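The values are calculated or read from the model by the stated rules, or taken from the named source; none is laboratory data. Keep in mind that this is a model prediction, so the values were computed, not measured. For neighbour counting, all protein chains shown are included, and Cβ atoms are generated from backbone atoms with ideal geometry for every residue, glycine included. Note: areas computed on protein heavy atoms with side chains; ligands, DNA, RNA excluded. Shrake-Rupley method; radii C 1.70, N 1.55, O 1.52, S 1.80 Å.
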Amino acid sequence: MGNCVTNRTKMQTNLEKPQKMYIHQAFVRQTLTNPESRKQMLLFEENFIEMFDESPTFGQSMYWFLLGLQNNEQKGIEYETMLQISEVFILGKSENEILRLPNRVSLILLIVSLYGNLNIKDAIKQFASLEITYLQTARCMQVFVNMMLRKQNLNEQPIKAFVDAIFQKVNGNVPILQLIKFFDNYMTQLEEIVEDYYYNKFLGEQKLFRNPQLQHPSHIINQEWIAFMYLSFMHKDCNKLELLYSTNVHERNFELLSHLLIECQSSVLFLIQCDEGNRKYTFGAYTNFEWKDDAQPNGSKEDCVFQMFPLFKVYKTKNDKFTRSQCTYLNSKNSELKQGIGFGGELAKEFRIFLNQDLLSVQCKNHDKTYEPGELMPIKQAKVSILEVWTIQQIQGTTQFKDLIYQKIEEQIELEEFENPLVHLDEDISSYRSGDHPSLSGSIDQLKEKDSCDWDGESQNGFEEEIIIRGDGFEEVKKNEQGFEVIPLNETSVNKKSTKVQNKEQQYQQLENEDNQFEEVLIKKSDSLDSSALQMVYNVVSGTFGQVESDDNWNGDNSDWKGNGSNQSKSSRVQLSKDLATITEDLKESTNTQY
């Protein structure tokens with residue numbers, strides 16, 4: 001076999017055995033796409049290009065990186081090498097001395113930037129001192145956007161605007177650790193996107209990430225721009241962008257825009273495009289807070305302003321506890337204050353961005369008391385050529401998975417409650433009476449043998465049990481040790497029997513009917529119940545279950561039913577039919593009270 005290598009050392013990883021088996025299955029599955037790969041059980045360059053079809057650049061770089069990491073005479077990638085690299089993508093780190101990298105993003109940067117390097121292992125050892133060029137950074141960002149959008153041909157303008165912003169004040173190359181730190185601080189979701197992409201393309205799992213989609217045509221943004229905005233400041237559960245207002249559609253109606261903002265219940269994205277001579281400037285703002293037309297400072301710490309073109313830069317809120325932040329400002333009614341829409345500044349003045357109420361002009365500043373300093377456009381005032389306002393809708397993607405988990409937990413809880421003796425018997429009877437379980441036909445003796453307790457009183461384990469239905473709907477079983485024992489019916493006995501227990505005041509009797517045999521169950525009311533609980537009781541007079549507060553025949557103090565002045569705990573006979581099919585009709589008729 002081509003995959004057999006002599007003197008192979010055992011691979012040390014932190015992957016568990018099921019994960020290794022999963023990776024091995026994925027490796028074998030990938031070899032089936034190529035006859036030569038299937039024959040030698042190796043992955044070649046064609047395999048990686050086909051595997052990462054949205055980003056051939058990454059597939060090719062991945063192959064040569066792994067080939068240098070493998071460092072043997074093989075021209076294909078072995079399973080052990082894929083296991084080594086998969087540990088980083090799955091766990092986010094590796095115990096291998098060669099691949100001890102900060103995270104998954106750093107691995108992508110290393111793979112792409114080292115393309116063409118024939119000495120991969122030595123280059124990795126010098127990782128901390130590596131520098132990355134402008135073209136390498138652009139290629140890496142292209143790979144990241146490929147991963148997000150799952151398409152090959154991209155609009156390169158957003159990528160160029162982002163990379164230009166990084167290298168704007170840099171003479172030469174950028175240290176790779178500095179770039180990794182930038183991603184960690186400003187693009188935290190990139191790590192999860194890389195993990196998801198690898199799971200999808202190599203391991204064959206369905207991807208969880210969905211890039212937010214434009215629901216209407218735009219004159220300013222496209223999916224590539226949205227990808228950078230998503231990475232920089234949008235919520236991770238963003239699903240789609242819907243057009244709320246556009247000067248190309250609604251003309252320049254400030255009253256309409258104010259009304260739409262007040263009624264909006266989601267995050268809002270402002271995009272402003274200005275034309276000054278032959279130059280075009282695009283910038284905007286993002287807010288998560290509810291809009292109010294009160295000329296007061298509003299907004300949240302998650303808001304931001306940003307320059308979009310020609311450079312892509314994001315300016316987030318400052319952590320200044322002594323400044324009253326004014327992330328958003330809206331005033332269409334108060335003529336004594338400035339009317340329009342503002343972002344940043346403090347106390348209705350010194351705005352970072354301010355749109356006049358005619359929506360024809362906009363003023364910008366490079367700094368204010370709310371947001372980080374930085375340029376939005378090189379001029380202070382310009383004419384607004386296009387204004388677009390988008391609402392950002394969210395889906396509960398993570399919540400959906402949590403719901404599935406909770407559903408499993410609830411099913412387990414229901415199973416445990418079904419196996420609980422007391423709750424099982426009580427729920428079977430009450431649910432059958434309401435028609436929820438018409439198929440129940442087991443005998444009382446079978447249920448009693450399994451459940452080992454009665455409705456509201458004693459168990460054959462020698463414990464007194466009480467069902468307490470709490471206000472939140474959960475059931476609680478309280479047990480107090482008592483001397484009580486359930487004696488099964490003696491079907492051959494004609495005469496009535498009485499059995500004495502440790503407490504001689506309590507008696508358990510057996511009765512025999514002409515058609516049906518009934519078992520007499522002792523219901524013992526406890527002298528002490530939690531006053532804050534909602535207790536479910538069985539009314540021996542009406543023959544129904546009910547709540548303590550709403551039962552007319554209940555004294556309200558656990559002593560006895562109305563009509564009996566005794567303060568001592570009484571025992572009540574409830575004859576339960578063995579045949580559950582007739583429990584509804586026979587329950588009242590077979591219920592007697594012993595005074």
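See the values below:
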quantity: Failed condition for Lys201, given (1) part of a helix (DSSP H, G or I); (2) within 31 Å of the chain's Cα centre (by Cα); (3) of a type in the set (Lys, Arg); (4) surrounded by fewer than 20 Cβ atoms within 10 Å (Cβ to Cβ); calculated: (4)
quantity: Hey, Asn171 part of a loop (DSSP other than H, G, I, E, B), open to solvent by 40 Å² or more (accessible area, probe 1.4 Å) and of a type in the set (S, T, N, Q) or not; calculated: yes
quantity: Residues (within 20 Å of Glu195 (Cβ to Cβ) and open to solvent by 10 Å² or more (accessible area, probe 1.4 Å)) located in region 52-63; calculated: Asp53, Glu54, Thr57
quantity: Unmet requirement for Leu269, which otherwise passes all of (1) open to solvent by 10 Å² or more (accessible area, probe 1.4 Å); (2) not in a helix (DSSP H, G or I); calculated: (1)
quantity: Ala128 part of a helix (DSSP H, G or I), open to solvent by 60 Å² or more (accessible area, probe 1.4 Å) and among the small types (Gly, Ala, Ser); calculated: yes
quantity: Pair list, Cβ under 7 Å, 6 or more apart: region 150-174 residue within 25 Å of Lys201 (Cα to Cα), other residue modelled with pLDDT of 90 or more and open to solvent by 50 Å² or more (accessible area, probe 1.4 Å); calculated: Leu154/Gln142; Ile159/Gln142
quantity: Residue pairs meeting the criteria (Cβ under 8 Å; at least 6 apart or on separate chains; first at pLDDT 95 or above, in region 116-138; second basic (Lys, Arg) and surrounded by 16 or more Cβ atoms within 10 Å (Cβ to Cβ)); calculated: Ala138/Lys160
quantity: Meets criteria (within 36 Å of the chain's Cα centre (by Cα) and not aromatic (Phe, Trp, Tyr)) for Asn72; calculated: no
quantity: Residue in region 369-385 that is modelled with the lowest pLDDT, counting only those that are open to solvent by less than 20 Å² (accessible area, probe 1.4 Å) and outside any loop (DSSP other than H, G, I, E, B); calculated: Tyr371
quantity: Qualifying residue in region 154-165 (condition: closer than 21 Å to Asp53 by Cβ, buried (at least 19 other Cβ atoms within 10 Å of the Cβ) and not basic (Lys, Arg)); calculated: yes
quantity: Qualifying residue in region 175-188 (condition: within 29 Å of Thr282 (Cα to Cα), under 18 Å from the mean Cα position of the chain (by Cα) and either without any contact (Cβ under 8 Å) to a residue 60 or more places away in the chain or surrounded by 14 or more Cβ atoms within 10 Å (Cβ to Cβ) (or both)); calculated: yes
quantity: Test result for Glu156, among the acidic types (Asp, Glu) and under 18 Å from Phe228 (Cα atoms); calculated: yes
quantity: Hits in region 75-118 (condition: of a type in the set (S, T, N, Q) and buried (at least 16 other Cβ atoms within 10 Å of the Cβ)); calculated: Thr81, Gln84, Ser86, Ser94, Asn96, Asn103, Ser106, Ser113
quantity: Residue pairs meeting the criteria (Cβ under 6 Å; at least 6 apart or on separate chains; first without any contact (Cβ under 8 Å) to a residue 12 or more places away in the chain and more than 15 Å from Phe202 (Cβ to Cβ), in region 27-45; second in a loop (DSSP other than H, G, I, E, B) and open to solvent by 70 Å² or more (accessible area, probe 1.4 Å)); calculated: Arg38/Leu32
quantity: Matching option when the condition is touching a Lys or Arg at 6+ places or on another chain (Cβ under 6 Å) and farther than 25 Å from Asp164 by Cβ, among Glu336, Glu350, Glu346; calculated: Glu346
quantity: Among the residues listed as Met41, Met21, the single one being hydrophobic (A, V, I, L, M, F, W, C), under 23 Å from Leu99 (Cβ atoms) and surrounded by fewer than 12 Cβ atoms within 10 Å (Cβ to Cβ); calculated: Met21
